[in-house]
Each structure stands twice: as structure tokens, then as C-alpha cells.
Amino acid sequence: MTPAPLPTGRAALLQRLAVPHRYDIAVVGGGASGLGVALDAALRGHSVLLLEAEDFAKGTSSRATKLVHGGVRYLAQGDIHLVREALHERVHILRSAPHLAQPLPFVMPTYRLWEAPFYGIGLKMYDALAGEAGLGRTEWLTPGQALRLLPGAQPRGLKGGVKYWDGQFDDARLALALARTAAREGALLINHCAVTEVLHEAGRVAGLVARDAESGREFRIQAGCVVNATGVWVDALRRQDAEAAGASAPPLVAPSQGVHVVVDQSFSPGGHALLVPSTADGRVLFAVPWLGKLILGTTDTPRPDVPLEPEPFAQELDFILREAARYLRRAPTRADIRSTWVGLRPLVRPGGAEGGDTKTISREHTVLVAPSGLVTVTGGKWTTYRAMAEDVLARCAEAGVLPPRGPSRTAGLMLVGADTAARPPALSRAPGMHLYGAEQAAVAALPGAERWLAPGLSEAMVRFAARHEYARTVEDVLARRSRLLFLDAAEAAGAAPAVAEVLAAELGPAHDVALPAFQALAAAYAQHGRIGAA
Ligand SMILES: Cc1cc2nc3c(=O)[nH]c(=O)nc-3n(C[C@H](O)[C@H](O)[C@H](O)COP(=O)(O)OP(=O)(O)OC[C@H]3O[C@@H](n4cnc5c(N)ncnc54)[C@H](O)[C@@H]3O)c2cc1C
């Protein structure tokens with residue numbers, strides 16, 4: 001039987017935070033990296049706190065290309081270790097939440113004779129590296145077969161294709177599933193609560209100061225181990241930690257932004273993703289069917305700053321549309337863009353290098369232990385979050401900041417909502433109740449299960465988000481519990497007032513659900529498609 005979902009009422013969470021307690025481990029940042037560490041530590045029996053300044057997965061972890069993959073492009077770069085590790089981690093993710101992560105067939109259409117043998121052999125190597133963790137065999141396709149699988153592909157000059165397998169997922173909902181599973185294992189997780197300072201005693205990390213974003217209330221918390229998992233923002237906490245000892249911490253992260261554009265799935269129907277093996281600047285580009293739409297992306301543009309909501313550069317949108325036009329029968333234009341979002345990759349600087357070409361910086365993760373004992377993790381990929389967490393906890397134990405407590409128990413773990421009995425519908429399909437997996441009955445039992453506020457979003461889902469998924473604002477609901485902001489920003493703006501009303505009914509009239517801020521955000525996501533348009 002599916003256990004009843006835990007309540008996530010904020011008053012009770014803050015009350016728990018206020019109780020004096022020395023946590024074994026306090027994690028700062030609720031993206032893939034931090035959530036993975038919190039879950040692994042809680043499963044080992046540690047007392048765990050995780051604080052997230054905004055919302056779980058508000059940063060990079062809701063802005064991925066949605067691929068659970070080994071990374072064909074890292075194979076081309078010869079990063080065999082990263083590819084092998086990711087291919088093996090891929091199956092862990094797919095098994096842990098089949099309603100949120102699934103195998104996805106890819107087709108690489110080929111237009112030059114050498115491409116099919118060249119890329120096909122590379123992809124056979126990909127299969128070999130996966131070994132028993134493989135999802136399906138790489139196959140060469142005739143032009144007719146390629147077009148049957150990818151009816152939207154450009155037929156002119158098509159020589160054939162190569163089909164291979166990887167995975168896809170709903171990144172923000174998987175992050176929530178990690179948070180909720182960690183909570184089930186006893187961890188305390190709070191969103192909209194920023195860590196403002198690392199506390200020290202005799203030069204060693206001893207805890208942190210946190211600030212509740214809603215009330216402004218401050219909390220001083222004791223912790224034996226503090227893990228800085230703040231993605232592209234790790235350098236802020238590292239700097240503060242070093243300055244407390246009169247030292248400095250040179251920047252670790254070289255941010256690189258990646259833009260995604262969303263268009264209707266009719267541009268590439270058929271349920272297969274399309275891989276462009278080599279764009280004009282030597283990258284790969286994907287057209288991925290996801291939640292009823294088609295994601296086109298991504299770019300890799302170095303930038304010096306780390307805004308929470310980065311805006312795309314006009315040339316990035318042009319680049320994506322131009323490359324898509326080379327491979328699709330019907331070229332998408334600015335007017336076809338339903339939403340645009342931008343994520344910042346926390347790439348780790350190679351020793352001493354500044355700026356430069358971020359395509360060539362390693363995608364492997366880095367774990368650093370400062371002289372104070374502050375542990376920082378950054379880099380890596382969503383796909384490898386579980387292995388990264390194991391690594392972080394091993395380093396914490398090695399550094400003597402966390403007592404060793406047996407091996408990791410995350411391999412084979414089913415996350416909250418995972419349904420082993422049913423075969424869930426494909427993630428390429430429009431969103432709906434199936435994304436709730438084993439918790440569908442719990443959602444359906446709430447008021448408003450038949451009242452649809454937007455396609456795939458019912459009143460009951462909003463109530464569930466407020467009661468059991470930590471949602472506090474309209475953005476929390478429409479960007480990350482539902483993915484409507486990412487799928488169709490204008491539709492999300494249209495649904496926002498109704499969502500605000502249900503949230504207010506759940507959270508009380510005194511609570512600010514931040515409707516105007518969401519309307520501004522949705523306008524930006526919708527307008528990006530028109531940036532610099534001719
Ligand atoms: C464009 C793009 C596409 C990608 N596509 C894929 C893909 O398809 N597959 C894949 O496997 N990987 C992909 N990745 C990589 C993957 O998304 C990232 O490696 C991963 O999400 C990083 O997670 P993180 O937890 O380290 O960082 P984040 O998700 O950014 O989390 C850091 C969190 O820390 C919080 N924070 C910051 N400061 C504080 C503070 N003081 N107190 C409390 N909280 C704080 C932030 O609000 C944020 O939520 C992609 C990355 C990009 C940029």
C-alpha cells in the first residue's frame with residue numbers, strides 16, 4: 001500500500017528548526033547535488049538539515065535538457081570515465097522513479113555518407129560502456145526508417161540515420177521526489193530559507209545562520225558538518241568561510257549558460273528525440289519531445305555573473321532556431337516559441353584558468369574541503385547526483401567532519417511516488433495525473449480533482465502542492481510542481497490567478513503567494529522568443 005503523503009506545512013517545519021539541536025550534517029542548497037547528499041545521509045541514519053534559499057530546484061536543477069544520459073558529446077571529447085559513470089547512474093534514476101524518468105529512443109539523421117558509420121561506431125561504444133546498464137541496442141537506419149521514426153526530419157538529402165537509447169526525466173519533480181524521500185527518512189528540509197553565514201568555533205565550521213524569507217526570522221543552527229551545494233553560487237559561501245579566518249578563496253566556478261526553446265511537438269512528432277551531432281560550433285543539439293511539447297537546445301555561453309533568472313542572448317536563440325531549421329522539415333521561428341528558459345552550468349575552473357571556452361571544461365564534479373572543514377560540491381550532472389552524493393559523504397568522513405555510518409543505501413531505492421505495479425505513460429505525453437505515480441489516489445481524493453485550471457493542472461494538484469510538496473508561491477506551483485511555465489509561458493500566465501486563489505485558500509489570506517512576481521516572470525519567459533526579433 002502507498003503510504004500517506006507527509007504534510008509539509010511551514011509552521012511545523014520552522015518550529016522544528018527552532019528546537020535547539022546539533023545536526024550531524026547541514027546541507028546548503030536544494031538542487032540535485034544538495035538533495036542527493038541529504039537523502040544519502042538521512043538513509044545512513046544521520047540527523048540531516050537542508051536549507052534552500054528559493055525553492056527546491058529553482059536553480060540549474062529545473063533547467064536541464066531533461067536527459068538522463070551518459071552524454072554522447074562527452075564521449076566525443078574522450079571523457080570515458082564520466083560517460084561510463086553516467087551510463088551506470090542512468091539506470092538507478094530510471095528505476096527509482098519510473099513515473100518521472102524513462103528510457104527515450106533517439107535518432108541521429110545523417111546527411112553525409114560518412115556520418116552513419118562514424119557516429120554509429122561511436123554509439124556502439126556508448127552501448128559497450130553501458131554494458132548491462134544498456135537500455136537498447138544502437139541500430140543503423142535507412143532513410144525510410146529514419147523518416148518513419150522522425151517524421152518531422154528534413155527529408156532532402158537524407159542518407160539514413162542512427163538510432164540509440166538514453167533517458168529523459170522531469171527534473172524539478174524528481175528533485176521534489178528526492179526532497180520528500182529525504183523527509184520520509186527523517187531529514188528536515190525547508191525551502192525559501194537562505195543560509196546567510198557559516199558559523200565557526202576555534203576556526204572550525206560549527207553551524208550556520210539561516211533566514212526565513214517569508215518572515216525575516218533568523219535561526220542559528222549547530223551542525224558538525226556543513227555541505228555547500230549551492231551550484232553556480234558556491235563561491236559566495238566559500239568566500240565568507242575563508243574570510244572568517246582572514247584568508248581568501250579563489251573562485252571555483254566558471255558559469256556557462258544554456259538556453260532552451262520550447263515549440264509545439266508537431267515540429268518533430270513520433271516520440272523519438274532528434275540529435276544533431278555537430279552544430280556549426282561543434283556542439284550537439286537536441287530536439288526532445290517532453291510533456292507534450294518539443295525542447296530545442298542547448299547553448300554553452302560563458303558569462304561572468306550568476307543571476308537567478310538569466311536572460312538568453314539574442315544570438316543564442318538565433319543559433320538554436322538556425323540549427324533546428326537545418327534538420328527539421330518545418331523550420332520553427334521566433335513566433336513559434338512557447339517558452340524559453342536559461343540554466344547556468346556550474347563548471348569547475350581548471351587550475352588557474354579564467355573564462356575561456358566552457359565547452360572544453362570538464363563536466364565532472366568537484367568536492368573540496370576547506371581548512372575550516374566546510375565541504376563544497378559543485379559541477380557534475382543531474383544524471384550523476386547519486387554517485388556525487390556518495391562521494392561527498394565519503395569525503396566528509398575522510399575529513400573527520402561526519403562520523404562514518406556504513407555504506408550508502410541509495411542504490412535501488414524507490415523514491416516517494418514511485419509505482420512499481422503500473423507501466424506509466426511516456427514522458428513525451430502531455431502532463432497529467434500519471435506524473436503523480438503511486439500518489440494519484442491521494443491527489444484525486446482532494447477537493448477540485450475534476451476542476452482543471454490549465455491543461456494537466458487541476459485544483460487538487462495545487463492543493464497537493466501546498467499540503468505535501470512544499471509549494472509557497474504561484475511560481476513554485478507553475479514552474480516546478482507543474483511545468484507549465486517551461487512548456488507554455490502565456491498559458492501559465494493565464495492560469496496564474498486561479499492557482500493563486502487555490503493557494504491562498506490553502507495557505508491562508510495573510511500569506512503572499514507572489515502573483516505579480518510570477519506574472520512578470522511568465523511575461524519574460526514568453527517574450528524571450530521575441531528578443532531581437534527582426
Ligand atoms: C542548460 C543545461 C542543461 C543541462 N542538461 C542536463 C541534462 O540533460 N542532464 C543532466 O544530467 N545534467 C544536465 N545539466 C547539468 C545539471 O542540471 C546540473 O549539473 C545540476 O542541476 C546542478 O545541480 P546543483 O544542485 O549543483 O545546482 P542548483 O540546481 O543550481 O542548486 C543550487 C541551489 O542552491 C541554492 N542556494 C544558493 N545559495 C544559497 C544559500 N545561501 N542558501 C540556501 N540555498 C542557496 C539555489 O537557490 C539553488 O536552488 C544541465 C545543465 C545546464 C545548465
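The values are calculated or read from the model by the stated rules, or taken from the named source; none is laboratory data. Remember, it's a predicted structure, so these values are computed and weren't measured experimentally. Because the Cβ atoms are built from the backbone with ideal geometry, glycine has one as well, and the counts that use them run over all protein chains shown. Protein only, heavy atoms only, side chains kept; ligands, DNA and RNA dropped before computing areas. Shrake-Rupley method; radii C 1.70, N 1.55, O 1.52, S 1.80 Å.
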| Between exposed GluC sites (Glu not before Pro) in the chain, where DSSP calls loop and at most 15 other Cβ atoms lie within 10 Å, what's the longest gap? | 1-213
| query | Any idea how far apart residue 236 and residue 315 come out in nm if each label point goes 7 Å out from Cα toward Cβ? | reply | 2.9
| request: Using Cα centres only, tell me the gap between the stretch 468-534 and the stretch 1-17 in whole Å. | output: 24
| query | For residue 445 and residue 527, what does the FRET efficiency come to when R0 = 45 Å and r is the distance between their Cβ atoms, rounded to the nearest 0.05? | reply | 0.70
| query | If you keep only loop residues by DSSP, which trypsin sites (Lys or Arg not before Pro) in the stretch 126-168 have at most 11 other Cβ atoms within 10 Å of their Cβ? | reply | 137, 156
| task | Report the FRET efficiency, 1/(1 + (r/R0)^6), for residue 452 and residue 280, where r is their Cβ-Cβ distance and R0 is 30 Å, rounded to 0.05. | result | 0.10
| field | Nearest-ten-degree value, helix 515-527 long axis tilted from longest Cα axis of the chain | value | 30
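Could you size up the charge dipole of the stretch 1-128 around its Cα centre, putting +1 on the beta carbon of Lys and Arg and -1 on that of Asp and Glu, and report it in debye to the nearest 20?
Value, rounded to 20: 140 debye.
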| Label 7 Å along Cα→Cβ of residue 159; the stretch 138-152 residues with amide nitrogen under 18 Å? | 139-147
| request: Please determine, in degrees from 0 to 90 and to the nearest 10, the orientation of helix 32-43 with respect to the longest principal axis defined by the Cα atoms of the chain, where the helix direction is its Cα long axis. | output: 50
| About its Cα centre, what dipole magnitude does the chain give when the only charges are +1 on Lys and Arg Cβ and -1 on Asp and Glu Cβ, stated in debye to the nearest 20? | 1200
| request: Can you send over the carbon and sulfur percentage of the accessible area for the stretch 1-56, probe radius 1.4 Å, protein chains only? | output: 60
| note | Given the candidates 278, 370, 255, the one whose Cα lies deepest towards the positive end of the charge dipole of the chain, counting +1 at each Lys or Arg C-beta and -1 at each Asp or Glu C-beta, is 278
| message | Show me the three semi-axes of the equivalent ellipsoid for the chain, from the C-alpha gyration tensor (sqrt of 5 times each eigenvalue), largest first, rounded to whole Å. | response | 36, 28, 22
| field | Solvent-accessible area per residue for the chain (1.4 angstrom probe, square angstrom) | value | 37
| Which loop trypsin sites (Lys or Arg not before Pro) in the stretch 440-534, with loop taken from DSSP, have no more than 16 other Cβ atoms within 10 angstrom of their Cβ? | 451
| Farthest toward positive dipole pole in the stretch 437-534 [+1 Lys/Arg, -1 Asp/Glu at C-beta], among 458, 522, 495 | 522
| remark: With a 1.4 angstrom probe the carbon and sulfur portion of accessible area for the stretch 83-132, in percent, totals 67
| trypsin sites (Lys or Arg not before Pro) lying in DSSP loop within the stretch 77-132, provided at most 13 other Cβ fall within 10 Å | 112
| In nm, what is the difference between 0.36 nm times the number of residues separating residue 121 and residue 505 and their Cα-Cα distance? | 132.5 nm
| Once Lys and Arg get +1 and Asp and Glu get -1 on their Cβ, which of 213, 414, 128 lies farthest toward the positive end of the dipole of the chain? | 128
| query | Once the Cα atoms of helix 234-244 and of the chain are each reduced to a long axis, what angle between those two axes, in degrees from 0 to 90 to the nearest 10, is obtained? | reply | 30
| task | Mind jotting down the distance between the C-alpha centroids of the stretch 408-464 and the stretch 236-291, whole Å? | result | 27
| field | Dipole in debye (nearest 20) - the stretch 52-108, about Cα centre, beta carbon charges: Lys, Arg +1; Asp, Glu -1 | value | 240
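Sum -39500 (n - 2.57) across every DSSP H segment of at least 4 residues in the chain, then divide by the residue count to get the 222 nm mean residue ellipticity, nearest 500.
-9500 deg cm²/dmol
Can you compute the FRET efficiency between residue 76 and residue 331 using 1/(1 + (r/R0)^6), with r the Cβ-Cβ distance and R0 = 22 Å? Round to the nearest 0.05. Spell out each step's value before the answer.
On the way: r = 26 Å, r/R0 = 1.19.
Plugging the Cβ-Cβ distance into 1/(1 + (r/R0)^6) gives 0.25.
How much length is gained on full extension from residue 16 to residue 200, taking 0.36 nm per residue of separation minus their Cα-Cα distance?
Additional length available on full extension: 64.0 nm.
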